[in-house]
Amino acid sequence: MKNPISDGIKRLRAQHKLTQTELANMAEIPRATLANMESSNSNPSITLVVKVASALGVTVDDIITRRQSLYVTEVERKDMPVTHLDDGKFTSTRTSPISTQNLQINDLSMMPGCYTKGVPHPEGSHELFLCLEGTATVKVQGESHSVETGNLIHFHGHLPHYYGNEGLKPAHAIVVVFMMK
């Protein structure tokens, strides 16, 4: 089984032409700890991962994603966090890299009969809901909105909201949440 953290640390250490001892010293952690982090069954604390990322001059996201060039980051679907709710009728896949600040992109699948409470976002956030397939129902601050294929609604992300599918066919949508500065 692949471990994106251990794979990423090994890959970046090799790119920087560092030994385990050199990188461990730079990160101010024991070499044995770094060796453990590079093993496929490791589960290091976020504190350790941040120390190694900082020593390498990269973000945590750079460790767990594979860069194809200096300008492009590729995140494979298998590495994107998935949340299942409403007895599996609602699936949300976080498609934006975890270190992307002030922006979150989710790919939603909603089976018929789905009704799921959305996660409120911080004050000042905005949410765009684009229905790609089917018809979704989005309830914002108690108001229900039917969003058909190709249509988009925009609302303040801190307001209470729900996602639903009252139709007979699955619905598919993309949700973008962003912070205005």
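The values are calculated or read from the model by the stated rules, or taken from the named source; none is laboratory data. Quantities reported herein were computed from a predicted structural model and do not represent experimental measurements. Positions of Cβ are backbone-derived with ideal geometry, glycine not excepted, and every protein chain shown enters the neighbour counts.
Worth pointing out:
- Identity of the residue in region 70-95, of a type in the set (S, T, Y) and at pLDDT below 75, that ends up nearest to K2 (Cα to Cα): T73
- Within region 12-33, the set of residues being surrounded by 15 or more Cβ atoms within 10 Å (Cβ to Cβ) and within 20 Å of T65 (Cβ to Cβ) comprises L12, R13, L18, L23, A27.
- Subset of region 34-49 that is touching a helix residue (DSSP H, G or I) at 6+ places or on another chain (Cβ under 7 Å) and surrounded by 15 or more Cβ atoms within 10 Å (Cβ to Cβ) - its residue that is nearest to D7 (Cα to Cα): E38
- Boolean, K51 is at pLDDT 90 or above and touching a Gly at 6+ places or on another chain (Cβ under 9 Å): no
- The set of residues from region 1-27 being touching a residue at least 24 places away in the same chain (Cβ under 8 Å), not hydrophobic (A, V, I, L, M, F, W, C) and not in a helix (DSSP H, G or I) comprises K2, N3, H16.
- Scan of region 136-151 for residues that are of a type in the set (V, I, T) and touching a residue at least 24 places away in the same chain (Cβ under 8 Å), ordered by number: T137, V138, V147
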